[in-house]
Amino acid sequence: MPRVSDDRLAARRREILDGARHCFAEYGYDGATVKRLEEATGLSRGAIFHHFKDKEALFLALAREDAERMAEVASHEGLVQVMRDILARPKDFDWLSTRLEIVRKIRTDPGFREAWEAQSADREAATLARLERKRRAGSLRKDVPPEVLVTYLDVILDGLVTRLASGQSTDDLHAVLDLVEASVRVPAGE
C-alpha cells in the first residue's frame, strides 16, 4: 500500500478545516451535521474522521487555530488589535457566530468546557503577559489588576463576536474599540 506523504496529510487536514469552518459558519455547531461536513469538505466521513476523532474535535481544532493566531497578535499588539482584525476581516472569523451555541455547550458539557478553556488559555496568557509588560512600561493603568483587565477585554470580545453573529451593524465598533483601548491606558497627564 503506498504511503501518503506528510505534506499530503497536512494538505488534506487543511482542506477539512477550511470546509468545516465554512460549514460551522453557515449552519452553526449543531447544524453542521456529518452530511453537511462531507458536502462542505468534498470528502467522505471516513476521510474527515481519519484526521479528527469526531465533530467536537474538528470544531476544537478550529478554535485552537484561532486561539493560537489571536494569542500571537495579542502578545505583540494586544487583544484590541485582535478585535480590530475581526472587524477588518469578518469572513475569516465568521464561524465564530457559533459562539452562542458554544456558551450553551460550555454550560452543559463539562468535557467540552474543559477543552474549550484549554484552547482559550494561550490567548488569555498572551494578553495577560502583554498587559503586564505595558504596566511595567508605565502605559497601562495601575488601579485595576491585569487579570481584571483580561476579563474586561474578553467580555468586549464576546460582545463583538455576538454583535457580528447577530448581523448587527459594526459601523461604530472601531470607535468603541478606541474607547476600550483608552480605558486601559494611563490617562494623559498622569
Label point distance in nm, D85-D7, each placed 7 Å from Cα along Cα→Cβ: 2.7
Relative contact order computed over the chain (Cα-Cα under 8 Å; 6+ residues apart), in percent: 23
Per residue accessible area in Å² of the chain, where ligands, DNA and RNA are left out and the probe is 1.4 Å: 56
Trypsin sites (Lys or Arg not before Pro) restricted to the stretch 12-83 and DSSP loop, no more than 11 other C-beta within 10 Å: K53
Summed residue charge, Cβ within 13 Å of V176's Cβ, Lys/Arg positive, Asp/Glu negative: -2
3J(HN,Hα) from dihedral phi, the stretch 36-44, Karplus parametrisation 6.51/-1.76/1.60, rounded to Hz, x for glycine, proline: 5, 5, 4, 5, 5, 9, x, 10, 6
Magnitude of the charge dipole, the stretch 54-184, Cβ model with Lys/Arg +1 and Asp/Glu -1, debye to 20: 300
Percentage relative contact order, the stretch 1-52, counting C-alpha pairs under 8 Å, at least six apart: 33
Spatially close lysines, pair count over the chain: Cα under 20 Å, gap of eight or more or interchain: 5
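The values are calculated or read from the model by the stated rules, or taken from the named source; none is laboratory data. Model, not experiment: these values are computed from the prediction. Cβ coordinates were reconstructed from backbone atoms using ideal geometry, including for glycine residues, and neighbour counts include every protein chain displayed. The protein model used for the area step is the full one, side chains on, heavy atoms only, and it has no ligands, DNA or RNA in it. Shrake-Rupley method; radii C 1.70, N 1.55, O 1.52, S 1.80 Å.
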